[in-house]
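Where a number appears in this text, it was derived from the coordinates with a stated rule and is not lab data. Just so we're clear, the structure is a prediction, and the values are computed from it rather than from any experiment. Quick reminder, even Gly has a Cβ in these numbers, built from the backbone with ideal geometry, and neighbours come from all protein chains shown.
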Amino acid sequence: MTEFFRESPAAVAAAKHLRSGAEVGVSFTDVPGSWRFHALGGKPTLETGAPLAPDFELRLGPGAVRDLCAHPKADIGDLGILFFEHIVARQPENQIRVKLHSGLVKLTMRGWLSVMAQGGPKVVRWLAHKGLSGPSAVASALVKLKG
């Protein structure tokens, strides 16, 4: 997974938008320990250890990890959809659990909404298909994740 985050075009593109302090706590259901994802010198970095002040945390099942790693050339839009599909997956081994710690303003200031914007029409169409459309779609999705 470290290689995926370091080399995937989506992770590389996302890291260019992240500001200082932006980080994600990462854990796996089948592997002990914690990791943190952040941009270091504009490059995506996944390193062992607890996150300092994560904007959100991801807990990935082995099926989600396999699926993500099976798409190493995915762009931000395709990877975003893949993440969302695993967030709503019903089988625990395929799920990505998200625990949001930051609000909309902090996420915007740290560059996360710029990352989402890079997903463009692909992610917007997917969100609309799931009933989240219009200007409040992102805020609505964030409220559901934080709740």
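So the values come out like this:
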{"quantity": "Among 92-100, 18-26, the order from most to least packed when residues are scored by Cβ within 10 Å on average", "calculated": "18-26, 92-100"}
{"quantity": "Under the span-like rule (Cα at least 18 Å along the axis, Kyte-Doolittle mean at least -0.5), DSSP H helices of the chain", "calculated": "112-129"}
{"quantity": "Radius of gyration and maximum dimension Dmax of the stretch 2-146, Cα, Å", "calculated": "14.1, 40"}
{"quantity": "Theoretical gain in end-to-end length, Ala13 to Gln91 [0.36 nm per residue, Cα-Cα removed]", "calculated": "25.1 nm"}
{"quantity": "Theoretical gain in end-to-end length, Lys43 to His101 [0.36 nm per residue, Cα-Cα removed]", "calculated": "18.6 nm"}
{"quantity": "For the stretch 35-52, Karplus couplings with θ = phi - 60° (6.51, -1.76, 1.60), whole Hz, Gly/Pro x", "calculated": "9, 10, 10, 7, 9, 10, x, x, 10, x, 9, 10, 10, 5, x, 5, x, 6"}
{"quantity": "Relative contact order (%) - the stretch 2-146, alpha-carbon pairs under 8 angstrom, separation at least six", "calculated": "23 percent"}
{"quantity": "Amide H within-cut-off set for Thr29, under 5 Å, with H built and near neighbours excluded", "calculated": "Leu60, Gly61"}
{"quantity": "Sequence of Asp67, Asp30 once ranked by neighbouring C-beta atoms within 10 Å, starting from the fewest", "calculated": "Asp30, Asp67"}
